[in-house]
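See structure below.
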Amino acid sequence: GAVVSQHPSRVICKSGTSVKIECRSLDFQATTMFWYRQFPKQSLMLMATSNEGSKATYEQGVEKDKFLINHASLTLSTLTVTSAHPEDSSFYICSTQDRDSYNEQFFGPGTRLTVL
Amino acid sequence: SQQGEEDPQALSIQEGENATMNCSYKTSINNLQWYRQNSGRGLVHLILIRSNEREKHSGRLRVTLDTSKKSSSLLITASRAADTASYFCATDAGYGNKLVFGAGTILRVKS
């Protein structure tokens, strides 16, 4: 299956700062990437769909100005959490879809964000 | 919003036993997928079953799908301690290939 990496794996920041998380598709070109958030002991919630060369599509209730997504190339999507607050502390996971694998998504290892 | 529910929420079994997890969903789907997540890690795709399929096997995994009941089950046979993880079902209703995840089942296999 496809290999997806995320960087950083863990980040701790002060309240009010911005944090950028990178999601890279290492072995294929991903026109679409997905960003999820997972709170402790809960399931994954889709935040947005990142489309290469166009604006991201956000799920209902997700603030687009707070969670900035950029998908400037076929192998990289970034999620920036702006003016982070403690309630933004969560596990952020990206996924990509290999068009050759019928609807299977390949997930990155996740980024643990802790906002103090 | 999350549309899937899974039961049990947690399951603890002895190594060698079978583990069965169930998933229910609410809308029509194109396919249903099962994923495994080890603690603090990303998700690993286990198996995908299409809406026109009723049963699928992969190694020690057996997945069934009943579209009339909008439910699926994942059976892990001859469980191993390494199977300890959270298991999620996810449905693809065909809306831009978005996945909607169930609440998950935490499986603990004791050696």
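Structure notes:
- Test: residue in region B:71-82 that is surrounded by 15 or more Cβ atoms within 10 Å (Cβ to Cβ), among the polar types (S, T, N, Q), at pLDDT 95 or above and within 19 Å of A:GLU104 (Cβ to Cβ): yes
Table: residues versus (1) modelled with pLDDT under 95; (2) under 14 Å from the mean Cα position of the chain (by Cα); (3) in a strand (DSSP E or B).
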| position | (1), (2), (3) |
| --- | --- |
| A:ILE12 | no, no, yes |
| A:ASP27 | yes, no, no |
| A:GLN42 | yes, no, no |
| A:LYS55 | yes, no, no |
| A:LYS64 | yes, yes, no |
| A:HIS71 | yes, yes, yes |
| A:ASN103 | yes, no, no |
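- The one condition from (1) within 11 Å of the chain's Cα centre (by Cα); (2) under 25 Å from B:ARG36 (Cα atoms); (3) surrounded by fewer than 18 Cβ atoms within 10 Å (Cβ to Cβ) that A:THR80 does not meet is (2).
- Checked against the criterion of being under 30 Å from B:GLN9 (Cα atoms), touching an Asp or Glu at 6+ places or on another chain (Cβ under 7 Å), within 13 Å of chain B (Cβ to nearest Cβ) and not charged (D, E, K, R), region A:28-37 has no qualifying residue.
- A:SER9 vs. criteria in contact with a strand residue (DSSP E or B) (Cβ under 9 Å, 6 or more places away or on another chain), at the interface with chain B (Cβ under 10 Å from one of its Cβ atoms) and surrounded by fewer than 16 Cβ atoms within 10 Å (Cβ to Cβ): yes
- Every test in (1) under 27 Å from A:LEU26 (Cβ atoms); (2) out of contact with any helix residue (DSSP H, G or I) (no Cβ under 8 Å at 6 or more places or on another chain) is passed by A:GLN42 save one, and that test is (1).
- Against the list (1) within 14 Å of chain A (Cβ to nearest Cβ); (2) touching a helix residue (DSSP H, G or I) at 6+ places or on another chain (Cβ under 9 Å), the condition B:LYS110 fails is (1).
- If you go through region B:1-46 and pick out every residue that is within 13 Å of another protein chain (Cβ to nearest Cβ), aliphatic (A, V, I, L, M) and crowded, with 18+ Cβ neighbours inside 10 Å, you end up with 4.
- Filter result (closer than 24 Å to A:VAL3 by Cβ, exposed (fewer than 13 other Cβ atoms within 10 Å of the Cβ) and without any contact (Cβ under 8 Å) to a residue 24 or more places away in the chain) within region A:24-74: A:GLY53, A:ALA72
- Given (1) among the aliphatic types (A, V, I, L, M); (2) more than 20 Å from B:ALA103 (Cα to Cα); (3) surrounded by fewer than 21 Cβ atoms within 10 Å (Cβ to Cβ), number of the condition A:ILE21 does not satisfy: (3)
The values are calculated or read from the model by the stated rules, or taken from the named source; none is laboratory data. Quick caveat, the model's predicted, so the values are computed rather than measured. Virtual Cβ from ideal backbone geometry, glycine too; neighbours counted across all protein chains shown.
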